[in-house]
Amino acid sequence: MTWLKNVLDISVDELYEDWDYHKWCIEAGWMDGPIKYANNWVRENFETGTEMADVACGNGQIGIGFENDDYIIDGYDINSKMLDTFEATNYRSTTLHNMNDNSLPRKYKCITVIGAFNKSHINSGSAKMFAESLEDDGLLIASVSIVDKEDPLELMGWRTQEHLKIVSEELIKSLITPDEGQKYHIMAVFKKK
């Protein structure tokens, strides 16, 4: 089994139990791939001061990528260890939250979900929760792992769910795994249907 398949097959709690996630993000190229892409996308599409949600916020990599307080960021994560080891200093709040079960406590114009649209984290059954969490003109950007060269948006049901429409998608270099080298993600932008 490859490193990436193993990561996607274990529980969120088990995955992050002893993982220095922020160090890994830097070493594996995650900060220069999906995080940098998402940061640039937010800057290009939303005015400074926009309130945004970072779902599956981890240690706050989206905020670290901004390196400033240009956006008002609320972080949400299902894993308390990630929130307990939070490293970003530019979030308004961080909250333990499971998007598979509940929409966010308020609506946002911008939602980022980097690294969590996969079978072990956030599945397409949560599309309704995301749609309920977006303002009418809001946008969501998500990174989706490519495994075995199959279309992950199709494989995981994101193309066929009925609550979000894919507005755009782009293939980018994402991370370097120990056994397979360079991997890719699809950066997909969604809006409410």
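The values are calculated or read from the model by the stated rules, or taken from the named source; none is laboratory data. Remember, predicted model here, so these are calculated numbers, not experimental data. Please note that ligands, DNA and RNA were not included when accessible areas were found on the heavy atoms of the full protein model with its side chains. Shrake-Rupley method; radii C 1.70, N 1.55, O 1.52, S 1.80 Å.
For the stretch 41-102, place one equal point scatterer on every Cα, skip the solvent, and apply the Debye formula. What is log10 of I(q)/I(0) at q = 0.19, 0.22, 0.26 Å⁻¹?
Debye curve over Cα of the stretch 41-102, log10 I(q)/I(0) at q = 0.19, 0.22, 0.26 Å⁻¹: -0.64, -0.83, -1.06.
So, with a 1.4 angstrom probe, what is the percent of accessible area on the stretch 83-187 that is carbon and sulfur?
C and S atoms contribute 48 percent here.
Which percent of the Cα-Cα distances in the stretch 100-193 go past 14 Å?
Working: 2812 of 4371 pairs.
Beyond 14 Å sits 64 percent of the P(r) for the stretch 100-193.
Give me the lysines in straight-line cross-link reach of K128: C-alpha distance below 23 Å, same-chain residues under 8 apart excluded.
Straight-distance partners of K128: K107, K109, K119, K165, K191, K192, K193.
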